[in-house]
Amino acid sequence: MKVVIAGAGNVGTFIATDLAQSGHDVTLMDKDHGLVQRLVKELEVPVLDADACEVTNLQKAGVAEADVVVAATGDDEDNLVVSLLAKMEFAVPRVVARVNHPKNHWLFNESWGVDVAVSTPHLLTGVVEEAVTVGSLVRLLQLEQGEANLVEVTLAPDSPAADRSISDLGLPRDASVVAIIRDRHVVVPRGDVVLRAGDEVLALVTATSQDAVRSTMVRE
């Protein structure tokens, strides 16, 4: 997989190194000349000294052949511009953008070419809620411009789903249980698996099916 990452700060550098170690073809770019000169000596991935908000520089970085572009700069405006150019000018299949300020999260959508928006504060909120909340549906991750979400619910003793198999739940066709965590072990969610109180159920839902999944898992 070919990945181009805009922004060579701590986040971009870590992603680039991690992906390269996994065998992916990674190019990192940043407009900070001093930073690039230092990283060229430290990293084993190509680091391009260029402003990712310029179309010609994205061409030099090979964005036209990229499978994924990651806009990981510390500036939300730059991340939006990079995302829009990657999608509209180069038709990159997957564009992932970092959201630095939570108040700007609403901008990171399909209109700006963003497929997945990653906001650390929102992720932390979801993790905290997931850790302390029983009997509530918690959104962990937003996908496809909000059209799909990864959600989690820890089944309460009075959950409508407790002591029922997954196939008997009657979930909508556009919703799917993707994992069950039980006693700190992952249970593969086959249709005949019977859910229990205390299970952490992770499901992939759409905007239209989320309420139905909530009513199936949570006692109102």
Computed on Cα atoms only, the convex hull of the chain has an orientation-averaged projected area in nm² of 13.3 nm²
Length-normalised contact order of the chain, Cα under 8 Å, at least 6 apart, in percent, tallies to 13 percent
Interchain or sequence-distant (5+) residues whose placed amide H lies within less than 5 Å of the amide H of L143 are A148, N149, L150
A correct Kirkwood calculation over the Cα atoms of segment 133-217 returns a hydrodynamic radius in Å of 12.6 Å
The alpha-carbon center of segment 174-195 and that of segment 16-43 are separated, in whole Å, by 38 Å
Taking T56, T73, T206, T154 and counting other beta carbon atoms within 10 angstrom, the fewest-first order is T56, T206, T154, T73
At q = 0.15, 0.20 1/Å the base-10 log of I(q)/I(0) from the Debye formula over the alpha-carbon atoms of segment 2-118 is -0.56, -1.00
Karplus ³J(HN,Hα) for segment 156-162 (6.51 cos²θ - 1.76 cosθ + 1.60, θ = phi - 60°; Hz, whole; x = Gly/Pro) runs 7, x, 9, 4, x, 8, 5
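Here, each number is a calculation from the coordinates, and none is a lab measurement. Treat the numbers as computed from the prediction; the structure is a model and nothing was measured. So basically every Cβ, Gly included, is an ideal-geometry build from the backbone, and we count neighbours across all protein chains shown.
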